[in-house]
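Below is one structure, written out as structure tokens; comments come after it.
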Amino acid sequence: MERAAQQAVPLGQMEVFQALQRLHMTIFSQSVSPCGKFLAAGNNYGQIAIFSLSAALSSEAKEESKKPMVTFHAHDGPVYSMVSTDRHLLSAGDGEVKAWLWAEILKKGCKELWRRQPPYRTSLEVPEINALLLVPKENLLILAGGDCQLHAMDLETGTFMWALRGHTDYIHCLALRERSPEVLSGGEDGAVRLWDLRTAKEVQTVEVYKHEECSRPHNGRWIGCLATDSDWMVCGGGPALTLWHLRSSTPTTVFPMRAPQKHVTFYQDLVLTAAGNSCRVDVFTNLGYRAFSLSF
Amino acid sequence: MPRLAERSEGDGTFPLCPTLFGITSPIGSSDLTGGAGLGSPLSGYGDSHSERFCFLRGAAGPLLPQRSVTWGTVGWERTSLEVRHKTGAEQKGMELHEAQAEMVEGDGKGKGDDGEKVSLQPRALSICLKLLGGLFLSDYDKRFYSKDNEGSWFRSLFVHKVDPRKDAHSTLLSKKETSNLYKIQFHNVKPECLDAYNSLTEAVLPKLHLDEDYPCSLVGNWNTWYGEQDQAVHLWRFSGGYPALMDCMNKLKSNKEYLEFRKERSQMLLSRRNQLLLEFSFWNEPQPRAGPNIYELRTYKLKPGTMIEWGNNWARAIKYRQENQEAVGGFFSQIGELYVVHHLWAYKDLQSREETRNAAWRKRGWDENVYYTESSKKRKPKVIRSDGAPAEGKRTRSDTEQEGKYYSEEAEVDLRDPGRDYELYKYTCQELQRLMAEIQDLKSRGGKDAAVEIEDRRIQSCVHFMTLKKLNRLAHIRLKKGRDQTHEAKQKVDAYHLQLQNLLYEVMHLQKEITKCLEFKSKHEEIDLVSLEEFYKEAPPDISKAEVTMGDPHQQTLARLDWELEQRKRLAEKYRECLSNKEKILKEIEVKKEYLSSLQPRLNSIMQASLPVQEYLFMPFDQAHKQYETARHLPPPLYVLFVQATAYGQACAHRKSSQPPRQDKMLSVAIEGSVDEAKALFKPPEDSQDDESDSDAEEEQTTKRRRPTLGVQLDDKRKEMLKRHPLSVLLDLKCKDDSVLHLTFYYLMNLNIMTVKAKVTTATELITPISAGDLLSPDSVLSCLYPGDHGKKTPNPANQYQFDKVGILTLRDYVLDLGHPYLWVQKLGGLHFPKEQPQHTVITDHSLSASHMETTMKLLKTRVQSRLALHKQFASLEHGIVPVTSDCHYLFPAKVVSRLVKWVTIAHEDYMELHFTKDVVEAGLAGDTNLYYMALVERGTAKLQAAVVLNPGYSSIPPIFQLCLNWKGEKTNNNDDNIRAMESEVNVCCKELCGPRPGHQLLTNQLQRLCVLLDVYLETESHDDSVEGPKEFPQEKMCLRLFRGPSRIKPFKYNHPQGFFSHR
């Protein structure tokens, strides 16, 4: 009774704080486990939550099974990006990449396996890592973020092999052209750059904002999302979401989307995109026709 | 026995040796005494008589005529009692049959048929005596009746009455009262001393007899022959009566020789007995006679009053016994055993006695007299029956019988053979016929001889008639006897039957007794004894006696019972001790109590005296005491609150012991209200409730009839239900800035909850801002002191039922009047209500109150302070000034361009309707207990609306801001991540904004931060190249980067010392 009474005040505070936290929470990243049964999600408070997809999708799912089975504090800042290898979960946010063993996470042992920090030049502010990209053939992890560079890390040794410089502002997103070992990166500076991994050189640059048809100056020039399908690329952000033909570096289709897009992906010959401030997932054909919209 | 006598009669001679060869002692048996008849007119002489026959054996030879005594030892004695039938053929043809004891005199003087008359007791004794010496009869006095009373037998038939005499019996009977007195002595001698005794007496007694000086003469000395053995009988005669006796006695006393004699004699004696006798007047005086003789002393014990009768009869009977001069003397007792008669007879020998006595029976009159002296005892026929009767033919029977004869006939019947009687009857009848025939013959013939012959025949036939009559009588008697015998047998059988029944009954009784004995249960079986092992273990060996009791269960049980008794005794002893102890202790307690009660007045006076000292020392003990007195009338919850609050106040005061305790006592407790009312309430606590319930029932019944007054009644009942206890506890909580929170606690008696009313007073007058209206209102100042405890609902689940009864929906409507029933108030009062169960198990609990006191007090203080702080801030905010205190300046850059332009309070409903507050409402953070405000921050054309939720728990729970920016379109957290980030910056990162403890400046800082954020937002907004002209808001803030992360968040974080903004 006494203890309960003493806890009464902090409890009230805690509840309010938790409610406020949830109110202002943003989920930046997610990753499915190698086995496909679990989903890891990272939010702006640096927490990673593991959900059991199999439990949540089963017919006997309860309210309880839709709650995270494990939540742990991974980073000081927001968890901007996560990828999964066949054993590890890699997360990155405030300038560091951390590795967690899936097996251990599922056993609720939330101890990081290792952490690596790319060599940064500035010390005043630790640059964030906005995107992670796995290159399975090379067993490489490519990190990109606030310091405007792409860092390549050898997953075997954990050493940073090289850095690709070229962006003038921080990098938002990365995409891998699987056929040829090339990586696309889109940044705040409004450019999409194509890098050759073998030579570690910039191959091509597409400055999206300079094209009239897709430029939206009031939204800024930043490229927020990027997807590629060998010859084709879709990118969006400040400029409108546009389908590009990479070889010719010409925008072929501008999708009629008003708000800045946050995510885009190819599915066969469809373009799927999700807007940041919208409840809809719009599905387009290559030709720019909106086929239909998925809505919450 | 009679046969024996008869045979001995025929024996002729008897051996001359003192041999006892027979005795009969018919004591108590009428069978042997003989002589009794049925229906005797003189039967009054009956049963109680006894007869005593004594055979005295006479002294040797003729006695000396003149005081000469011949001492002889010749002769022998024989005792016999004869009962025989005598037939005395008289002229009248009467036969008298009597049983008779006969004495045979040894002298053989012929037979004297002596009709001895025995009017006597059933006990008669005959003793045969051997005469040892003494004066004895020599000449026979013939003056006795020698002549038969030959009077007609009719006289004997009818006259046998003895005239009653009026004189004293002894004078009538004795010859002369003064002439002779006899003393008879019976000495029972030790058998071995008999000879010595005889020689001794022979030596001494004759001297006395011969001595002239002594007027006594020895009639005779005898030894008994038959009868009581080893006995000597002395008969003395005192000539001159009693004077002679006395004279003789006196002389003997001085006679040394005699005294010696007596001494010597006494060693030989077993016992002595004597009697003084007088002689019958009609009897001979004993005279010396020639011997040798045997003497028979017959002693009769008579019924009192029959002595005269006896004498008269014997006076007539004695004449029949004079023939052989066998009568010696007749005496009756005068002193000694009374109603005793002694007859002394002398015979030559026993044979002559027999003959003499038989002869007497043959005389007419003897038997008659004997009969009259006989008791009226029935005689047994078998005794009477005898074959020794004379020939019947000699008997003549008369038809006219007197009763005596009738009864003789009765006896006779037994002796006669009925067959022979029948023969006799037939013979008599034939004779009669013959005689009649002869008479007829004679008469018919006639003749002179005829008359004589006829007369003779007539006489003969008369005799025959008599015989017939006799036979007729006998037949009747036989019939009667047969009946009697049957009856007797039947009675015997009955007696046996009765005896059998008695025996059976006795058997049954005995069986019952046996059963009872078998069923007997001892009491000890019910006693619960200690077990056997325990007994042997504990009992001392002198009780347990193991060697004895081990084998013997009876002894064992006894021993165990002993042990039980012993133990019980001990326990009883102990019990008594304990009782006395208790008494003692009680007394001690009494004494101590007295002492204590005497202490009270003294203590009171001391208290009185100490009052000024208390005042002086600022230690108001007395006042506190008074308060405590009052507190006793508080209801339990208030009392708990009072006690705990007082305790807490004192504890706090002591904590700051360095300061004067009385000065800033931060918690003061007082009691308000009327004590009297409380007392009155306390006395009849149930009456009001009863009334209520009664009226309840009544009301339910009469609802329909009295509808108009229903509302009034309900109101009354509501009031009654919500009634407060007249006493309340006043708590003053002083804060550091001298503002005071006044809390008044009430107790709602019927609801069993506590309520509180609060009031805040500040040290300085406050300018009340419009928006701060609710901050210090009593209604809301204590709201949500604990989360969710808004004090609008009753905490007692049971109350809801009570409310339903009187139609109260919630307590909310009455809260303003009653005060708020906050949960913490209940806890302070120690009332604990379960959350779920509708039944309340309410116990006022000190520990509950105590555990909450400190926390609650702290919360209360914080609440007041925060409210006061808010009050102040609001005052500034209303004027558009964000009152950032100096110690919070580091949180913000020096230059803040955005300005707060408006701070107003808005209603909860208005807040809910705002479009940008949806998220907060959905998150459940916008309860109706909160306060709501709207702030407007402006910079240039940009207008930022901020809807603020102020939790009552400020500042521990931060205010929540929701933003809406009107600048180039409406931007909210929905469509602009940065707005969302700004909200997050204000709401979530509020901890850095709290400022110095206790963080009351939070709201101000949040508002200031909002201004800064707006500045950053506006300044960092990317310039639209397409728009002409300079940027509206040039970037003045130092930023490391403008955007960061996928959501392109602006650098909202201010780094204090460097003054630049960075991302979080």
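The values are calculated or read from the model by the stated rules, or taken from the named source; none is laboratory data. Quick caveat, the model's predicted, so the values are computed rather than measured. Glycine also receives a Cβ, built like all others from the backbone with ideal geometry; neighbour counts cover every protein chain displayed. Only protein heavy atoms, including side chains, enter the accessible area calculation; ligands, DNA and RNA are left aside. Shrake-Rupley method; radii C 1.70, N 1.55, O 1.52, S 1.80 Å.
With respect to being of a type outside the set (S, T, N, Q) and within 18 Å of B:Leu194 (Cα to Cα), B:Gly220 fits the description. Consider the stretch B:938-948 and keep the residues that are surrounded by fewer than 24 Cβ atoms within 10 Å (Cβ to Cβ) and more than 14 Å from every other protein chain (Cβ to nearest Cβ). The one that is farthest from B:Lys1031 (Cα to Cα) is B:Gln945.
For the stretch A:114-129, a tally of residues being in a strand (DSSP E or B) and open to solvent by 10 Å² or more (accessible area, probe 1.4 Å) returns 3.
Comparison of B:Leu900, B:Leu868, B:Leu944 shows that the only residue that is in a helix (DSSP H, G or I) and in contact (Cβ under 8 Å) with a residue 40 or more places away in the chain is B:Leu868. Among residues of the stretch B:659-685 that are assigned by the TED database to the domain that holds B:Met749 and modelled with pLDDT of 65 or more, those with a beta-carbon under 8 Å from a residue that is in a strand (DSSP E or B) and among the β-branched types (Val, Ile, Thr) at least six positions away or on a different chain give the pairs B:Val669/B:Val729; B:Ala670/B:Val729; B:Ile671/B:Val729; B:Glu672/B:Val729; B:Glu672/B:Thr744.
Could you tell me whether B:Asn951 is within 14 Å of another protein chain (Cβ to nearest Cβ) and open to solvent by 20 Å² or more (accessible area, probe 1.4 Å)? Against the criterion (within 14 Å of another protein chain (Cβ to nearest Cβ) and open to solvent by 20 Å² or more (accessible area, probe 1.4 Å)), B:Asn951 qualifies. Within the stretch B:1032-1048, the only residue that satisfies the criterion of being part of a strand (DSSP E or B) and within 9 Å of chain A (Cβ to nearest Cβ) is B:Arg1044.
Might you let me know whether the stretch A:265-286 holds any residue that is within 14 Å of another protein chain (Cβ to nearest Cβ), touching a residue at least 24 places away in the same chain (Cβ under 8 Å) and not aromatic (Phe, Trp, Tyr)? The answer is yes; a qualifying residue exists.
Looking at the stretch A:1-104, the strands (runs of 3 or more DSSP E) lying wholly inside it that each contain 3 or more residues that are more than 11 Å from chain B (Cβ to nearest Cβ), modelled with pLDDT of 85 or more and open to solvent by less than 20 Å² (accessible area, probe 1.4 Å) sit at A:38-43, A:47-52, A:88-92, A:97-101. For the stretch B:553-602, the candidate set comprises residues that are among the small types (Gly, Ala, Ser) and under 34 Å from the mean Cα position of the chain (by Cα); within that set, the residue that is surrounded by the most Cβ atoms within 10 Å (Cβ to Cβ) is B:Ala559.
Taking the stretch A:113-134 as the range and being over 12 Å from A:Glu96 (Cα atoms) and more than 15 Å from the chain's Cα centre (by Cα) as the test, the residues that pass are A:Leu113, A:Arg121, A:Thr122, A:Ser123, A:Leu124, A:Glu125. The residues of the stretch B:454-489 that are among the basic types (Lys, Arg), under 30 Å from B:Gln440 (Cα atoms) and open to solvent by 60 Å² or more (accessible area, probe 1.4 Å), listed by number, are B:Arg458, B:Lys469.
Taking the listed residues B:Leu1042, B:Leu1007, the one that is open to solvent by 30 Å² or more (accessible area, probe 1.4 Å) and of a type in the set (A, V, I, L, M, F, W, C) is B:Leu1042, with no other qualifying. For the stretch B:954-991, a tally of residues being open to solvent by less than 10 Å² (accessible area, probe 1.4 Å) and at the interface with another protein chain (Cβ under 8 Å from one of its Cβ atoms) returns 4. Candidates in the stretch A:165-222 are the residues that are open to solvent by less than 10 Å² (accessible area, probe 1.4 Å) and of a type in the set (Phe, Trp, Tyr); of these, the one that is farthest from the other protein chains (Cβ to nearest Cβ) is A:Trp195. B:Pro996 fulfils the conditions (1) within 12 Å of chain A (Cβ to nearest Cβ); (2) touching a helix residue (DSSP H, G or I) at 6+ places or on another chain (Cβ under 6 Å); (3) surrounded by fewer than 20 Cβ atoms within 10 Å (Cβ to Cβ) except for a single criterion, (1).
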